[in-house]
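Here is the structure we will look at, set down as structure tokens.
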Amino acid sequence: MTGLTAALVVEGRVPRAPALAPNGRLLCYVLAPTGRMGDHLDTALWLADVEGGGVCRRVTADSATESRARWSVDSRALYFLSDRAERGTPQLHRLGLGDGVVVAVTGWRAGIIDHLPLADPDLVALLAEDEPTERESRRVRDRDDAIVVGEREPRARLRLLDSRTGRVDTPSGFGDRHVVALRQRPDGGPLAVLTQASADVDYGPRTCRLHLFDTATGAVEDLGPVEACASSPAWWPGEDGWHLGYVALTPPLLQAGTAVFDLALSSRVRRNRTAGLPMCPTELCQTGAAPLVAYRAADGLELDGLLVSPVGESASDGPFPLVTLVHGGPYDRYADRLQLFWFPSAQWLATAGYAVFLPNPRGGQGHGHGFAARVAGRVGREEWTDTLTGIDLLIAEGVADPDRLGIAGGSHGGFMAAWAIGQTDRFRAALVSSGVTDWGMLAAIGENGQFEAALGGSTGWDGIGPHPHDALSPVPSPAASAPRCSSCTARRTPTSPSAKPCTSTGHCATSAPSTSSWSTRGKATRSGNATTNSTCCAARVPGSTAGSGPDRGCLLRRRRSRASTSERVLELCREVACRLVAQVPVER
């Protein structure tokens with residue numbers, strides 16, 4: 001058996017995106033590397049003979065990015081996207097199974113985003129942006145990639161390709177809307193088309209509409225608005241005629257579980273098909289490789305996760321050093337599948353002698369809308385104790401060594417890792433990858449502002465602070481960290497270093513001289529009439545299990561200066577990096 005090495009992780013290849021031919025005889029999949037060398041990803045298409053013992057053969061070279069394999073309705077041709085002609089600009093290609101010849105069928109200068117072979121064997125639906133004008137081409141050459149709202153915003157439009165002539169037509173019935181997804185009715189009828197008012201990732205998903213498009217006449221029927229982030233349209237026949245289903249966020253929240261919605265075209269009645277069910281639409285792959293960790297949260301909520309043991313070991317061979325990998329999202333889920341990626345992953349750590357805990361705390365997929373919506377405005381609260389409860393269970397069962405614990409994650413998982421080391425000193429090392437450290441700043445300058453505000457609970461412009469998101473941020477804004485007067489609610493901030501005297505006492509602590517213009521959220525102490533601050537970890541929040549003194553239980557040191565929030569983040573990252581470098585090696 002070949003050992004798992006770093007080179008194999010980075011340079012290995014894995015099958016993805018399987019597509020079964022309509023006749024059920026061939027399976028196409030993309031063989032893609034786990035990492036990428038250079039600016040482009042080189043993939044290849046493979047065919048597996050389902051009826052011939054699963055024999056596989058490569059049908060394209062791995063010298064281009066090739067993806068989105070779709071079969072023609074008669075299973076005689078395979079359409080796919082490839083940038084073999086011009087790297088970074090994918091075009092539609094067709095592989096004829098009879099002669100094995102690959103032919104480029106489009107030369108659209110903006111490239112093709114997606115495609116769908118239709119019931120008419122001569123028609124293919126395309127999703128593509130408008131071809132660039134000369135002025136726009138010059139901007140690309142000059143690396144001027146600014147996008148001005150309302151002025152030539154990039155939008156994917158529905159286009160029809162006649163494969164006999166190569167002609168591409170653009171129906172006009174959708175106006176200036178951005179097309180998200182489409183699906184043809186199984187009997188060759190109209191297309192179901194989901195659109196948004198814009199391709200902007202914050203505004204667009206909140207403006208979804210559903211349409212019907214007749215490929216023969218070009219007529220468009222608007223079926224009205226649908227829920228946020230609608231995707232995956234699908235048809236199904238009922239006793240009352242055709243129904244259209246799609247997946248979208250459960251209203252009215254923007255941070256919630258997805259649901260399956262069903263629209264009866266005859267009556268125009270729309271229903272939430274997953275309402276009241278303990279599930280959200282997601283696809284899981286059972287491999288039997290990782291045992292399920294089932295447990296209850298402190299409030300009785302049923303939870304689960306996965307445990308990956310060190311290579312050649314079982315849970316009974318512990319205790320092991322344990323690394324907890326928190327997933328992102330938070331609307332995501334650890335499914336029982338191969339956990340091997342270019343970022344810290346379970347199988348990779350298991351080869352180094354670590355046990356790996358993959359928790360699925362509240363806020364994620366797989367347990368219904370109510371489960372997913374529980375973290376809205378409460379990130380880092382119960383989802384943190386959910387994770388810690390799972391770790392404690394593994395310690396109690398002798399799987400994990402309480403003195404050798406680590407935690408890591410990316411995106412929302414990175415937030416949880418940063419949050420964890422401000423709550424407890426139990427972790428010997430932590431890794432924060434693209435994590436959230438200030439929910440207010442993320443809502444203000446991130447791409448998904450309103451969605452992030454739904455998680456953090458507020459924005460910086462929701463009146464005078466402190467705001468709810470400040471208490472949920474590992475590195476809160478300076479204004480939220482300023483000390484309060486003991487007799488009033490005044491705060492001293494960098495722009496307001498003093499406050500009017502309290503009417504009750506005639507003086508205010510925030511108006512007194514101080515060694516710093518604002519304080520961190522460390523332990524504040526009084527010295528005469530001045531307010532000073534210890535350098536205790538500012539990441540700690542009320543309810544923390546860390547020590548209360550300036551030295552006891554303090555994980556991160558904070559400078560008393562006019563440092564910006566960005567500088568504070570860098571300071572935190574440096575401290576975490578130091579802990580990673582200084583971690584104790586695995587002792588077996």
Given N residues in the stretch 292-437, what is its alpha carbon radius of gyration divided by 2.2 N^0.38 Å? 0.95
Where only C-alpha atoms are counted, convex hull volume of the stretch 112-179 per residue in Å³: 105 Å³
Roughly what would the spin-label model give for residue 462 and residue 146, points 7 Å off Cα along C-beta, in nm? 3.3 nm
Considering the options 88, 43, 105, tell which one lies farthest towards the positive end of the dipole of the stretch 1-108, charges being +1 on Lys and Arg and -1 on Asp and Glu at the Cβ, about the Cα centre. 105
Amide H contacts of residue 411 (H built 1.01 Å from N, under 5 Å, at least 5 apart or other chain): 433, 434, 435
For residue 267, placing the label point 7 angstrom along Cα-to-beta-carbon and taking the stretch 220-241, residues whose amide nitrogen sits under 13 Å are 238-241
For the stretch 359-478, what is the accessible area per residue in Å², given a 1.4 Å probe and the full set of protein chains? 33 Å²
With a Förster distance of 25 angstrom and the Cβ-Cβ distance between residue 253 and residue 299, calculated FRET efficiency to the nearest 0.05 equals 0.80
By accessible area with a 1.4 Å probe, ligands and nucleic acids excluded, highest first: order of 79, 29: 29, 79
Per residue, how many Å² of accessible area does the stretch 87-183 show with a 1.4 Å probe? 57 Å²
For the stretch 292-437, what % of the accessible area comes from carbon and sulfur atoms, probe 1.4 Å? 52 percent
Of all accessible surface on the stretch 23-83 at a 1.4 Å probe, what whole percent is carbon and sulfur? 47 percent
Where does each of 407, 464, 147 land when they are ordered by accessible area, with a 1.4 Å probe and the largest first? 464, 147, 407
Taking only protein heavy atoms and a 1.4 Å probe, the highest-to-lowest accessible-area order of 470, 240 is 240, 470
Could you calculate the contour length gain from residue 207 to residue 120, that is, 0.36 nm times the residue separation minus the distance between their Cα atoms, to one decimal place in nm? 28.2 nm
Kirkwood-based shape ratio for the stretch 19-129, expressed as Rg/Rh from alpha carbons: 0.96
How long is the gain from residue 337 to residue 222 if the chain were fully straight, where each residue apart is worth 0.36 nm and the alpha carbon distance is subtracted? 37.4 nm
If I take all pairs of Cα atoms in the stretch 60-204, what percentage of them are more than 22 Å from each other? 44 percent
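Rounded to the nearest 20 Debye, what is the dipole magnitude of the stretch 292-437 about its Cα centre when Lys and Arg each give +1 and Asp and Glu each give -1 at the C-beta?
Working: 10 positive and 15 negative charges, 85 e Å.
It comes to approximately 400 debye.
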Simple label model, 7 Å out from Cα along Cβ direction - residue 62 to residue 8, nm: 1.5 nm
In nm, to one decimal, how far is the modelled label at residue 104 from the one at residue 133, with both set 7 Å along Cα→Cβ? 2.6 nm
The stretch 358-436 versus the stretch 68-105: alpha-carbon centroid distance in Å: 44 Å
Grab the other residues whose beta carbon is less than 15 angstrom from that of residue 253, score K and R as +1, D and E as -1, and report the net. +2
Could you tell me what percent of the DSSP beta bridges with both partners in the stretch 155-279 are antiparallel, to the nearest 5? 100 percent
So how much accessible area does residue 37 have, in Å² to the nearest 10, using a 1.4 Å probe? 150 Å²
Taking a probe of 1.4 angstrom, what is the accessible area of residue 46 in Å², to the nearest 10? 60 Å²
Of the peptides 332-345, 94-107, 248-261, 185-198, how do they stack up when ordered by the mean number of other Cβ atoms within 10 Å, highest first? 248-261, 185-198, 332-345, 94-107
Along the stretch 120-127, what does the Karplus equation 6.51 cos²θ - 1.76 cosθ + 1.60 (θ = phi - 60°) give for ³J(HN,Hα), rounded to whole Hz, x for Gly and Pro? 6, x, 9, 10, 10, 7, 10, 10
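The values are calculated or read from the model by the stated rules, or taken from the named source; none is laboratory data. All values reported here derive from a predicted model rather than from experimental measurement. Please note: Cβ atoms are built from the backbone with ideal geometry, for glycine as well, and neighbour counts cover all protein chains shown. In case anyone asks, the SASA skips ligands and DNA or RNA and just uses the protein heavy atoms, side chains included. Shrake-Rupley method; radii C 1.70, N 1.55, O 1.52, S 1.80 Å.
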